[in-house]
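Right, one structure below, let's go through it.
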Amino acid sequence: MLILFYVLFGISLVYMAATEKFKRYIQIYTLQGILLFGMAIIELNKFTLLNLLFILAETIIFKSVIVPYLLRKILERTGINNVHKRSLQGNFTVLLMLVILGISLVLAHILSIPSVDEVYLVIAYFTLFTGLLLISARKLLFGHLIGFLIIENAVFLFSIAIGNEFPLLVNAGILLDIFIAVLIMSLFLTRIGHKLGGFEVDTLSKLKD
Amino acid sequence: MVALILIIITSLITSGLIVRMKSIFSGRKGPGIFQPIKNTWVLLRKGIVYSLTSGSITRLAPAVIAASVLIAALMVPVAGFQPLISFNGDFVLFAYLFALSRFMMIIAAFDSGSSFEGMGASREALYGMLIEPALFVLIAGLVIFTGNYSISSIFTLPGKENYAIIFGLIISYIIGNITLIENSRVPVDDPKTHLELTMIHEVMVLDTSGFNLALIQITAYLKFAVFGSLISSTLIPATLPVFLRLILFFAVQVLFGAAIGFIESFRSRFKMNRNQQYILTVTLISMLLFVVILFTKNIF
Amino acid sequence: MIYLLIYLIVTSLIVMIPGRKMSLILTGVTMFVLVIFSSCLAIDVLIQTQNQSFLLEVQQFISPLISCDKLSAFFILIINFTVVSGFLYSTGYLKPYLKSKPVTWIKLHYLALVWLHVSMIMVTLFRNGFYFLMVWEIMTLSSFILVIFEYDVKGTVKAGLIYLIQMHVGMLFILAAFIISSKGYERLTFDNLDFYFLNNSNWPVFLIFFIGFGLKAGFFFLHTWLPDAHPAAPSHVSGIMSGVMIKLGIYGILRVTTYLVSDLAPIGISVIILSAITGLFGVMMAILQHDIKKLLAYHSIENIGIIGLGIGLGIYGSAIGNVIVSVAGYAGALLHTLNHSLFKSLLFYSAGTVIGQVHTRDVEKMGGLIKFMPFTAWAFLIGAIAISGLPPFNGFISEFLIYISLFNGIGSGDFYPLVVFFIAMLSLVVIGGLAILCFTKVFSVMFLGQPRSEYHEKPVEAKKIMLLAKLLPVIPIVMIGFLPFIIIKPLLSLSGSVFNVAQTLPVEAMIQPMQYISIISVSLLLLITAILVVRKSVMRNRMTLAGPTWGCGYSSVDSKQQYTATSFIQEYSDLVKPVITTGHSKINYSDDEIFPGKRDFYTHSDDFVRSRLILKPSNFIVTTLKRAAIFQTGKLQHYVLYALIFLFLILALTFIGLI
């Protein structure tokens, strides 16, 4: 049953690679939050009650409600819509995703851990590399933010795959990361951004002046 | 033999079903289900106008296009009925017969010397090249899953495991996408638009008329039927009694036509540049299925 | 051996005899005699069931070790067929040149042709290292003479020189490999490899041999001479070179492969990966070309990639112990060697006819030629369909064999082989799709539609002898395509026995698909004929009109409005921009130019291997060494001074004790 969630997660990543509008990113991220919640429920017996409550809070409330709300506010304020400036950049994302899927498959086989089913590792690696790809292949700042959030999801997946216990510390760290990132980004994009002239990453390099 | 008859029957109804669905969703009553067939029948009895620029290729190509797809249809299993010809590795022949029909269609498009047809031909060549990996990755996954090497054996519902039906649905989804791309339906190309700058298949037959045009339309119907049969083979187990299989087969075909009509009505066409990305995404989905098959077969 | 000496004498006589007709006839006679003799030998060897080789060893030390086993026999048949068709083609093709070039040059050309034929056959027969390299050199030199036939055209001699130099580098690699593997033996032969591979690690010597033979074959990184030499050479020479001479590099690799015993897996994987890259690179570059012969040359690189893929699969199949993968892989490679020589020579002959009539190699200036030269056009179409690997012709059969090998590998499943087979399958699929893109472009732009530029003289169909030369390859193409089961059994036994794969071959498993394929091909043909007959009978009572092409309301449709080759591939070239860039000329308009005047526009694509790997370092070396020119002052006193310094230096070093 767990494998179904993992496969759905993989499909959501494929969709994220192919889509054109930023609001779809937010919707997929919400879906991923719910899937993570489902995975955590399935692995119920492994956690203590406090841990479980924390994970519930983290996945459902934080990832599926608060963060998408903030992201949507950012989108409204800044008015960005399309992911790519020119349509041809989409091809290369999909091609690179193909290569990444193959690489994560081979990597999971090479770095396999005996106690863990390799399925989970493959999807976790896939998520990680997709996040990195999104960061490196998107020109707009919003794409970077989404990539970062996906990498956080990947860390969550790794911890579910590997850990029998699920330490509070890891979760708190993830939560802090997300919080700071979204906070800073929303501040930047809504308050300061339009004064600095644009949301492309290239313009950020002029910040030092 | 039964498989071939079923394919031919299906080809008569699928196209009309799609048109009917689109009309219903637009709020009209729409033409009858056999209307496209009647149109084709009228075309078969008309005279032909050839372009002055075209040569012997235009006279030969429609026959080759129709014949290669029809021969390819001889190898397709239908809802558990075995096809006429099947041997190890026949999916390669199947895919390459389709490629042969595409080759002849592109050449015939150039033969008229029209720039519109050249436009359509260039797009058709590129999209055809991009969709081949998707089909082959899907076939590779099915080869691993079933352990057989022939179309009739790999496109069958694999056993009674409870995830078999999920696989069947995903395979049907991929084949559905491949159908949309091969037949140039929405979202790749809108067959209703006759703006030459945006057509793919429609524009390649601008200078074809009469009997030749009827042949090409028959080819399009056959392609729908072939892909629909592949889907039905994947979803209907071969162990059911014959009568039940026939009913389920027609149900699947009707659903297939209705689904395509539904997609065509509610989805808009992509920008031309985005088509490449869409086709590559289908390959990505195929590969994801391949990876999942590797999990279930424990090849690790 | 005696026969060969006689041939050399006779061919030298050809240069002496005045008169062009006589030399032509003598060339033809000698060629046919050699063909008959060697073909009989080859068929005799092939018919035998075991891998018996026919040894001919006259004396101990001086004579070469000649042996003809099945592999050599197979290649001899391929060589003979293509050389015969090439010769027939050249008799018609060279007619316009007979008046413009000096007599001696033409006779030298024919002499070189005969020597090329003889040396190619000897390459497959000789096993002794030094003699092998000697005939290899003769082959290179004679093909060099053939390539620079049109020495007055700019760039031909340079292309020929590039070719010559690269072939020499290859020869050095082969020599090095021979020397390494024959340490301690009195002779350098291929058989020393047998013992060497048992005791030492296989892959270094294999790598050196591969580089040496790969330079001849045209694998990636080693291919840079191909796209220059083929356009520069006359068409029959391009056909022979691309058809068989390149295959002798493959022959060398195969010969070394028959001796491999260990390290099979890494060698197999690297050959597969390199061949996949070669195939993809070749076809990707081929699509972007406008010069038809350069396009065909890049396409040869792609087909060498497919053959290499088959070889790599054969090696890897032996490594993982899967018999079907190995046998089918080798069989596919060998069959594709035969097929490629057939259809590539056919394509080059057709292209040569077209170029001879239209006087340009640029595809963008052609069009509508099917009305003027229908036979050539149909021959080109058959070649184009065959080279794209489409049924019902022979290209499909060899690709089918490689697919059988691949899918058997995928189905047999451990993880790492699966990854390798998967990557190989994906590359083969993409190569096939791109080949269709390439050849629809070429055929359509060249032969269909309307002429895209003014033809100075009306093109006419080629002469009968050239048509016959084109017909010759068509017959086996069609035959192998429609009746593959005739050839599959000897092919399988050939690949099985030569490469020591298995005692029992899975012949039955592979004959059945072939029979079905031929049933399907025949029924396809019957169905097409049936549809055409039905149409004809139905149309008898109805009107068939002709009208102008639909122009969407334009009143003056020009032939320049047709789709050009560049526009056909434009979406594709945008897709591959990160890998292969296409540059184009810039067009500037001045501000006061209201109605733009005539401009020229051209696009070109760069071979990045050639520009970055070869041209950059060689330019760098040249500019650096030019600085040494300050020593060349031209004054005698300085040179005497240099000699004096050198003497003092030697004295000092001897004094210290270094020398």
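Brief remarks follow.
- Under 5 Å between amide hydrogens, built in the peptide plane, is the criterion, and for C:T189 it picks out C:G129 among residues at least 5 positions away or on other chains.
- Of all accessible heavy-atom area on chain C, the percent that carbon and sulfur account for (1.4 Å): 69
- For B:S26 and B:M272, the FRET efficiency from 1/(1 + (r/R0)^6), where r spans their Cβ atoms and R0 equals 25 Å, is about 0.50.
- The protein assembly as shown - accessible surface per residue (Å², probe 1.4 Å): 40
- Length-normalised contact order of chain C in % [C-alpha pairs under 8 Å, at least 6 apart]: 12
- Dividing the summed -39500 (n - 2.57) terms of all DSSP H runs of n ≥ 4 by the residue count of the protein assembly as shown sets its mean residue ellipticity at 222 nm at -23500 deg cm²/dmol.
- Ligands, DNA and RNA left out, the accessible area of segment B:45-296 computed with a 1.4 Å probe is 68% carbon and sulfur.
- Stokes-Einstein D (µm²/s) once Rh is taken as the Kirkwood radius of segment B:45-296 over alpha-carbon pairs, at 10 °C in 1.306 mPa s: 84
- Per-residue SASA remark: A:V65, around 80 Å² accessible (1.4 Å probe; ligands, DNA and RNA not included).
- Restriction of the GluC sites (Glu not before Pro) in segment C:439-491 to DSSP coil positions whose beta-carbon has at most 12 other beta-carbons within 10 angstrom yields C:E454, C:E457.
- Accessible area in the full protein assembly, largest first, 1.4 Å probe, for B:M21, C:M120: B:M21, C:M120
- Among beta bridges that DSSP assigns inside the protein assembly as shown, antiparallel share in %, nearest 5: 75
- Anchor C:K470: aspartates and glutamates whose Cα lies under 17 Å away (excluding residues fewer than 8 positions away in-chain): C:E461
- Buried area at the C:B interface is about 6600 square angstrom, summed over both chains, from accessible surfaces computed with a 1.4 angstrom probe.
- With 23 Å as the limit on Cα-Cα distance, the pairs of C:K586/C:K616; C:K464/C:K536; B:K223/C:K441; C:K216/C:K577; C:K294/C:K577 that go past it are C:K586/C:K616; C:K464/C:K536; B:K223/C:K441; C:K216/C:K577.
- Helix axis angle, B:272-296 relative to chain B longest principal axis, alpha carbon, degrees: 20
- Loop-located trypsin sites (Lys or Arg not before Pro) across segment B:1-60 with a Cβ neighbour count of 13 or fewer within 10 Å are B:R28, B:K29, B:R45, with loop assigned by DSSP.
- With all protein chains in place and ligands, DNA and RNA left out, the 1.4 Å accessible area ranks B:V282, B:V19 as B:V19, B:V282, largest first.
- Principal-axis analysis of the Cα atoms of chain B puts helix B:164-182 at an angle of about 10° to the longest axis.
- Per DSSP, loop trypsin sites (Lys or Arg not before Pro) in segment B:220-300 with at most 15 further Cβ within 10 Å: B:R267, B:K271, B:K297
- In the context of the full protein assembly, C:D194 retains an accessible surface of approximately 80 Å², using a probe radius of 1.4 Å and ignoring ligands and nucleic acids.
- For a straight C-alpha distance cut-off of 17 angstrom, the lysines reachable from A:K23 (same-chain residues fewer than eight places away being disregarded) are A:K63, A:K73, A:K85, A:K139.
- Candidate residues B:T208, C:T140: accessible-area rank, largest first, probe 1.4 Å: B:T208, C:T140
- Inter-part distance, segment B:241-300 to segment B:44-90, computed on C-alpha centroids, equals 24 Å.
- Segment C:110-160-segment C:346-370 distance, computed between alpha-carbon centres (Å): 27
- Segment C:179-293, dipole about Cα centre (Lys/Arg Cβ +1, Asp/Glu Cβ -1), debye to the nearest 20: 120
- The Rg/Rh ratio of the protein assembly as shown, with Rg taken over Cα atoms and Rh as the Kirkwood radius over Cα pairs, comes to 1.00.
- Threshold 50 Å² - residues in segment B:195-218 whose accessible area is reduced by that much or more when the chain is no longer isolated, probe 1.4 Å: B:F211
- A Cβ-based charge dipole, computed about the Cα centre of segment B:45-296 with Lys and Arg at +1 and Asp and Glu at -1, lands at about 340 debye.
- The lysines within cross-link reach of C:K489, meaning a Cα-to-Cα straight distance under 19 Å and a gap of 8 or more places when in the same chain, are C:K70.
The values are calculated or read from the model by the stated rules, or taken from the named source; none is laboratory data. Note that the coordinates shown come from a computational prediction; the quantities given were computed from them, not determined experimentally. Please note: Cβ atoms are built from the backbone with ideal geometry, for glycine as well, and neighbour counts cover all protein chains shown. Side chains included, ligands, DNA and RNA excluded: accessible areas come from the protein's heavy atoms. Shrake-Rupley method; radii C 1.70, N 1.55, O 1.52, S 1.80 Å.
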